1. Modelling each spin label as a point 7 Å along the Cα-to-Cβ direction, I'd like the residue 237/residue 41 distance in nm, to one decimal.
2. Starting from the Cα of residue 167, step 7 Å along the direction of its Cβ; do the same at residue 184; then give the gap between the two resulting points in nm.
3. Could you calculate the FRET efficiency of residue 208 with residue 145 from 1/(1 + (r/R0)^6), where r is the beta carbon distance between them and R0 is 45 Å, rounded to 0.05?
4. Using a 7 Å offset from the Cα along the Cα-to-Cβ direction at both residue 72 and residue 119, what is the distance between the two label points in nm, to one decimal?
């Protein structure tokens, strides 16, 4: 019947329907196998990695829609892997761990994780959390648009930036910082506001981190022909973008 399907409790069941690609990163092959079987039955495409280094290679080779990332792994652990993923991508990441302590969860969320799943986890819980991450990511994509002024053009959907027609290569975090500025042109953004808009939590990082990344962004824009003062420092308060 050419791919019949039905909708049950927020989950599509059916044939020929791919619902997204999930990268499962865990050094336990049994867990990877169980998660793969569960997700493939729900129509997901699944990639596997046994350690952090393999996960980063897989991220380059075939970018996933969601990453399930184990915390305790040899060589490159989950925290180090998450840090490197966040330098490359905004892909939703859920940390998998046997540690249920609140401080561990806070650490994961502050480090840039989108969710935190404690082992052992129920199948329906895992599916629901993946669904929630995909919905949030989809909602962000639907609100994307293009910004342009006499100096620069930002394509939010393609995550591309040009200054006087010259392309500027930004990391995901630098792009989020620029997006915060151009979506509020001429408006003074306090350090805490930038931490909320860019890092997702006003307590996730420090003012020094904001200053550091504003410096990175200024240098990259300047190298493409922008005036270094296009992002103005208002001492003691924050920064503003002057188009």
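1. Label at residue 237, label at residue 41, 5.8 nm between them.
2. Result for the modelled spin labels: 3.0 nm.
3. Computed FRET efficiency for residue 208 and residue 145 comes out at 0.90.
4. 0.7 nm
Every number in this text was worked out from the coordinates using simple rules, so none of it is lab data. Since we're looking at a predicted model, the values are computed, not measured. Every residue, glycine as well, gets a Cβ built from its backbone with ideal geometry; the counts of neighbours run over all protein chains shown.
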